[in-house]
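The values are calculated or read from the model by the stated rules, or taken from the named source; none is laboratory data. Note that the coordinates shown come from a computational prediction; the quantities given were computed from them, not determined experimentally. Don't worry about glycine lacking a Cβ; one is built from the backbone with ideal geometry, like all the others, and counts go over all protein chains shown.
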Amino acid sequence: MITLRRAVLILTLFLPMLSGIGQDDPVSALHREIDNARLDDSLRVRNLFEWITSNISYDYGMYRRISEGKDSREQSAEDVARKRKGVCEGYANLFAALCQKSGFRCEVIEGHARGGVYGKRDQGELHAWNAVQINKRWYILDCTWAAGYVDGKGKFHFERNEHFWLTNPEEMTDDHYPFDPLWQLNAHPITFDEFTHGKTTGSGIQWDVRDSLIAHYRRNAEARESVSVARILMYDPENSYFLLQQARDYYNRGVAHLEIQQNRILAIRGTGKKLEDPDWFNDHLDQAEVLLKRSQDCTKQASAKRYPGLESPRAESLHNISEQLKYVVAQRKWIKKYFRKPGPIN
């Protein structure tokens, strides 16, 4: 299980979270121990998969704490390598870290998964798995579900399930729905509504998976995230997690316009110079207002019904947007008054 702490942080911090792996960390030590560069690529990745699914126990206690809202720690690859146990996020992070150290492109895929108590018409719960590129082709796998099972007493038993090793993409969407439909690796991706109400033939939109992935990696990180969020909301328009993320993007772009015009004012303060071109200032204020209102609309659409815990950051975001819109109104009045009789700003 994964938690939605990232969505909350996105709305309150507006800061990127970076993590690095040092040369002597547990993942590096583990990689030196188990990687075999003499194997061909497919066997080399398989070797990493087999080690994880044979040696990392499922931490059912942590799963329960997360389910009950008592634990929201991020499961890093380092922690899982050190403790030899984890939940889905930890399995996926460790597999991705080991693959990347071996030179393979690997992604942690987040979304919904259902199994066991969940039926075919249920959204399941939040989950994480992987996509890995081997010999220029992408594949899907789930180390968590491949490793074994938890019995009725909460005890984990190793029992490898080969179904979740390089799973057929169409079969994977029987019980796994990635937030980003790109990672269905399917020419006809299904929508979230189709996933929860019985899979049909897909959205009707046909993709060239290979070309879509090439385009994905040609974009810079910021553009990649923006396009990904747009894709997610195209296939799951009521996903509050990503509505708030889109709201954050609009908000930051709107605030950037406010900062640009404010910096121009500050640059001449105390210099004896006058401001010029009122249309330039009004254009930036107009663009800021449009973007802030889009942010407001996205935030209002976001509901905490599917993802409990989003109500507080949603309310805080609406307050911040309202304050910025008030600033736009006040700044317009100031600009209008100033250009009636321009002069130095002290």
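Note on the stretch 143-187: enclosed strands (runs of 3 or more DSSP E) holding 3 or more residues that are of a type outside the set (A, V, I, L, M, F, W, C) are 176-178.
Taken over the stretch 277-305, the criterion of being touching a helix residue (DSSP H, G or I) at 6+ places or on another chain (Cβ under 6 Å) and either assigned by TED's automatic domain parsing to the domain that holds HIS112 or not in a helix (DSSP H, G or I) (or both) is satisfied by ALA302, SER303, ALA304.
Going by the structure shown, is PHE179 at pLDDT below 95 and closer than 16 Å to LEU233 by Cβ?
Numbers: at pLDDT below 95: no; closer than 16 Å to LEU233 by Cβ: yes.
For PHE179, the condition - at pLDDT below 95 and closer than 16 Å to LEU233 by Cβ - is not met.
Of the residues making up the stretch 81-104, those that are touching a residue at least 40 places away in the same chain (Cβ under 8 Å) and either closer than 22 Å to PRO178 by Cα or within 19 Å of the chain's Cα centre (by Cα) (or both) are VAL87, CYS88, GLU89, TYR91, ALA92, LEU94, PHE95, ALA97, LEU98, CYS99, PHE104.
Yes or no: the stretch 245-258 includes at least one residue that is aliphatic (A, V, I, L, M), closer than 30 Å to TRP138 by Cβ and under 17 Å from the mean Cα position of the chain (by Cα). Break it down stepwise before answering.
Of all residues in the stretch 245-258, those aliphatic (A, V, I, L, M) come to 247, 255-256, 258.
Retained after the next criterion (residues that are closer than 30 Å to TRP138 by Cβ): none.
Taking every residue of the stretch 245-258 in turn, none turns out to be aliphatic (A, V, I, L, M), closer than 30 Å to TRP138 by Cβ and under 17 Å from the mean Cα position of the chain (by Cα).
Taking the options TRP183, TRP207, name whichever one is under 17 Å from the mean Cα position of the chain (by Cα), touching a residue at least 12 places away in the same chain (Cβ under 8 Å) and under 27 Å from HIS127 (Cβ atoms).
On the way: TRP207 fails: under 17 Å from the mean Cα position of the chain (by Cα).
Criteria check complete, one pass: TRP183.
Of all residues in the stretch 58-97, those satisfying the criterion of being crowded, with 16+ Cβ neighbours inside 10 Å and among the hydroxyl-bearing types (Ser, Thr, Tyr) are TYR58, TYR60, TYR63, SER76, TYR91. Just to be sure before I move on: is GLN261 in the same structural domain as TYR327 (by TED's automatic domain parsing) and at pLDDT 90 or above in the structure I sent? Spelling it out, GLN261 is indeed in the same structural domain as TYR327 (by TED's automatic domain parsing) and at pLDDT 90 or above. Here GLU170 passes the criteria (1) surrounded by fewer than 17 Cβ atoms within 10 Å (Cβ to Cβ); (2) in contact (Cβ under 8 Å) with a residue 60 or more places away in the chain except the one numbered (2). Please state which of the following conditions ASP208 fails to meet, knowing it meets all the rest: (1) at pLDDT 95 or above; (2) surrounded by fewer than 19 Cβ atoms within 10 Å (Cβ to Cβ); (3) not polar (S, T, N, Q). Going through the list (1) at pLDDT 95 or above; (2) surrounded by fewer than 19 Cβ atoms within 10 Å (Cβ to Cβ); (3) not polar (S, T, N, Q), ASP208 breaks only (1). Annotation note: of ILE34, ILE66, ILE56, ILE52, the sole residue that is over 20 Å from ALA146 (Cα atoms) and either modelled with pLDDT of 75 or more or of a type in the set (S, T, N, Q) (or both) is ILE66. Annotation: ARG264 fulfils all but one of (1) farther than 27 Å from ASN346 by Cα; (2) assigned to a helix (DSSP H, G or I); the unmet one is (1).
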